[in-house]
Amino acid sequence: MSALSDRINNLSESQTIKMAKLGRELAAKGVDVISLSFGEPDFHTPEYIKDAAKQAMDDNFTYYTPVAGYPELRKAIVKKLKDENDLDYDVTDIVVSTGAKQAIANAVLCLVNPGEEVIIPTPYWVSYSEVVKLAEGKSVFIKTTVEQNFKITPEQLEAAITPKSKLFMFSSPSNPTGSLYSKSELEALAKVFERHPHVYILSDEIYEHLNYVDKHETIAQFDSIKDRVVIINGFSKAYAMTGWRIGYTASTKELASAFDKMQGQITSGTCSITQRAGTAAYNGGLAAVLEMREAFKKRRDLVHSLLTEIDGLKVNLPEGAFYFFPDVTSYFGKAFNGKTINDADELSIYLLEEAHVAVVGGDSFGAPEYIRLSYAAAEDKLVEAVKRIKRALEQLK
Ligand code: PMP
Ligand code: GLU
């Protein structure tokens, strides 16, 4: 009998992390693996941010931090939300966490009671449904497809809401699809939420700056529902700061003090040096972010032109983030060397073993008909990776 709790036994391993690990293991054996599995910018953290961290160490800024973050950092976040998003928040509405991942966990654990329903459009980011399990909530999925650009309609949302609904969770720009909701699309969803005042909204905006068509729009801009919105954001993607572990929530004070209490029992405040780095990042403007965005946009266009040459893939043009999420069902039931591909997870293992390219199967994103490719890699690697994928897919008969 396992000594482990049902809680951990029922939890799935993060597939993004698992595929990245498998890719690294194969690379350690000397195989030339190209990893398109992990959602991580391949850029270095900008110098001015690292300088602030070095200075923090020299200043002995190395003590326990306030659980919700230092006031200077939270002030910088409030200013960012005003300047970039035209949203009004106070310093006490902000809770800084050890990554946006912890911010999401805080929100779900503080809002959802056992048995309450959490509405999640598919495809969703892998950790959403798992955190809901930890809270003993019930995930209710709304299916979207590549044909609808992976966006739900107000009618789909309305149909999913019940008296037991507590939270709606989504990301825009989206991981894993790169789709983003326009202002009018968000307004139409907000109108549905107006009619259901018992439903809270977790709006994950961590890819805000990786938007290739327009300025970022947030569902928190609609005053009629703003007090039920928890904004999730962070520094990992915009400022290439994945290893620093810093993210945050913006919400009502009541929710913020709940997140503070939860975090105070689990991790306390995030790293002091990281907080100085985060403060410098926001106070330093957007030049570095915009430079990285241009590079990502170029890669998106490149990969899109290469993927559309592969007949068996159904692919759209994502408007944000750094992922493609092609439908791969045309390969199901096909085989190579006596091995049949039955689903997208098997296809991702096949691509790793046969093409030496790591991607992630769609199952853990709630969309088993798809695979996810991250284009957060150098252009020559991307060209080579898609060439290898094409060759391996053509071998399937
Ligand atoms: N939300 C989404 C949609 C993500 O893709 C990620 C990826 N890391 C996170 C949250 C968590 O980010 P962080 O590194 O800040 O924990
Ligand atoms: N968010 C990234 C991804 O989707 C990083 C992995 C993770 O944090 O799970 O690949």
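What follows is calculated from the coordinates using simple rules that are stated; it is not laboratory data. Small disclaimer: the values here were computed from a predicted structure and weren't measured. Virtual Cβ from ideal backbone geometry, glycine too; neighbours counted across all protein chains shown.
The value obtained for region 154-276, namely the Cα convex hull volume divided by the number of residues, is 135 Å³ per residue.
Spatially, region 1-77 and region 118-163 are offset by 26 Å when compared through their Cα centroids.
P(r) tail for the chain: Cα pairs beyond 42 Å make up 11% of the total. Between Val95 and Thr249, the built amide H atoms are under 5 Å apart, and every one of these is 5 or more places off in sequence or on another chain. Helix-only estimate, please: 222 nm mean residue ellipticity of the chain, summing -39500 (n - 2.57) across DSSP H runs of length 4 or more and dividing by its residues, to the nearest 500. When only DSSP H runs of four or more count, the value is -12000 deg cm²/dmol. By the Cα gyration tensor, region 150-193 has an equivalent ellipsoid whose semi-axes, rounded to whole angstrom, run 19, 13, 9 from largest to smallest. Averaging 1/r across all pairs of distinct Cα atoms in region 104-210 and inverting the result yields a Kirkwood radius of 13.9 Å. Restriction of the trypsin sites (Lys or Arg not before Pro) in region 160-262 to DSSP coil positions whose beta-carbon has at most 10 other beta-carbons within 10 angstrom yields Arg195, Lys215. Taking every lysine pair in region 239-353 that is 8 or more places apart or spans two chains, those with Cα atoms closer than 25 Å amount to 5.
Here the chain is assigned +1 on the Cβ of each Lys and Arg and -1 on the Cβ of each Asp and Glu. Its dipole about the Cα centre then comes out at about 500 debye. Taking amide H positions as modeled 1.01 Å from N, with prolines and chain starts lacking one, the residues under 5 Å from Ile201 and 5 or more places away or on another chain are Phe168, Val229, Val230. A cut-off of 5 Å between modelled amide H atoms, ignoring neighbours fewer than 5 places along the same chain, links Ser165 with Glu117. In a simple Cβ point-charge model (Lys, Arg +1; Asp, Glu -1; nothing else charged), region 1-112 has a dipole of about 400 debye relative to its Cα centre. Computed 3J(HN,Hα) for region 376-385, one whole-Hz value per residue from the Karplus formula 6.51 cos²θ - 1.76 cosθ + 1.60 where θ = phi - 60°, is 7, 8, 5, 4, 5, 5, 5, 4, 5, 4, glycine and proline marked x. Within the chain, the longest run free of GluC sites (Glu not before Pro) that sit in a DSSP loop with at most 14 other Cβ atoms within 10 Å is 137-308.
Restricting the calculation to Cα atoms, region 1-153 shows an Rg/Rh of 1.02 when the hydrodynamic-style radius is the Kirkwood one.
Are there chymotrypsin sites (Phe, Trp or Tyr not before Pro) in region 302-397 that DSSP marks as loop and that have at most 12 other Cβ atoms within 10 Å, and which are they?
Here no loop site has a sparse enough neighbourhood.
Spread over its residues, the convex hull of the C-alpha atoms of region 232-297 is 101 Å³ per residue. For region 261-318 and region 183-211, what is the centre-to-centre distance using only Cα atoms, to the nearest Å? Going from one Cα centre to the other spans 20 Å.
With a cut-off of at most 12 other beta carbons within 10 Å, and DSSP calling the residue loop, which chymotrypsin sites (Phe, Trp or Tyr not before Pro) in region 57-145 qualify? Please list them.
Listed in order of number, the matching sites are Tyr63, Tyr64.
Among beta bridges identified by DSSP and lying wholly in the chain, the antiparallel ones come to about 45 percent. Seen from a random direction on average, the alpha-carbon convex hull of region 351-396 projects onto 3.4 square nanometres.
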